[in-house]
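Comments concern the structure below.
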Amino acid sequence: MRKLSEKEIAEKIETIRDAARVSAVWNKVYNTFCVPVRLEVPSGELARDDSGAWIGFLYSHKMINKLTLGLSITGKEGFAVQGLEGKVAIDSKLVSVASIWDELPAHRRALYL
């Protein structure tokens, strides 16, 4: 898997969100962006006071039991952390991650395609 840049992610998410407003193009865009991705965040994101939206996303997509916990932070993620907390990986679809991407701090998220 390749880490996507913030610019690549922003372009894809903008396309997804624009298509969601126009039902005539939604199916085509959905099929294009319904691809597997891996979202990685530092473990501390699970305990943030304002993490309700993205934790709700995990529950609503029945992914709370599919978290991969306890992964080591390598430094390649670009997280602003000391490296002590480890990271969590969530395998999902790009169209699903688009709904919660902005809920995560830019310096504490990574997306792989």
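The values are calculated or read from the model by the stated rules, or taken from the named source; none is laboratory data. Remember, it's a predicted structure, so these values are computed and weren't measured experimentally. No Cβ is skipped: glycine too gets one built from the backbone with ideal geometry, and neighbour counts run over all protein chains shown.
Assorted remarks:
- Residue within the range 45-67 that is touching a residue at least 12 places away in the same chain (Cβ under 8 Å) and part of a strand (DSSP E or B) present: no
- Residues satisfying the stated conditions in the range 94-113, i.e. in a strand (DSSP E or B) and at pLDDT below 90: none
- Checked against the criterion of being part of a loop (DSSP other than H, G, I, E, B), in contact with a strand residue (DSSP E or B) (Cβ under 7 Å, 6 or more places away or on another chain), surrounded by 15 or more Cβ atoms within 10 Å (Cβ to Cβ) and not basic (Lys, Arg), the candidates Ile9, Ile73 yield just one match: Ile73.
- Failed criterion for Glu40 (all others in (1) of a type outside the set (Ser, Thr, Tyr); (2) in contact (Cβ under 8 Å) with a residue 60 or more places away in the chain; (3) assigned to a helix (DSSP H, G or I) hold): (3)
- Any hit, the range 53-69, residues being over 11 Å from the mean Cα position of the chain (by Cα), at negative phi and of a type in the set (Phe, Trp, Tyr): yes
- Of all residues in the range 29-60, those satisfying the criterion of being in contact with an Asp or Glu (Cβ under 7 Å, 6 or more places away or on another chain) and either β-branched (Val, Ile, Thr) or buried (at least 16 other Cβ atoms within 10 Å of the Cβ) (or both) are Arg38, Glu40, Pro42, Ser43, Gly44, Ser51, Trp54.
- Across the range 76-93, the number of residues qualifying as of a type outside the set (Val, Ile, Thr), touching a helix residue (DSSP H, G or I) at 6+ places or on another chain (Cβ under 9 Å) and not in a loop (DSSP other than H, G, I, E, B) comes to 4.
- Summed over the range 75-91, residues that are modelled with pLDDT of 85 or more, at negative phi and out of contact with any Lys or Arg (no Cβ under 9 Å at 6 or more places or on another chain) total 2.
- Of the residues making up the range 7-25, those that are among the hydrophobic types (A, V, I, L, M, F, W, C) and modelled with pLDDT of 90 or more number 5.
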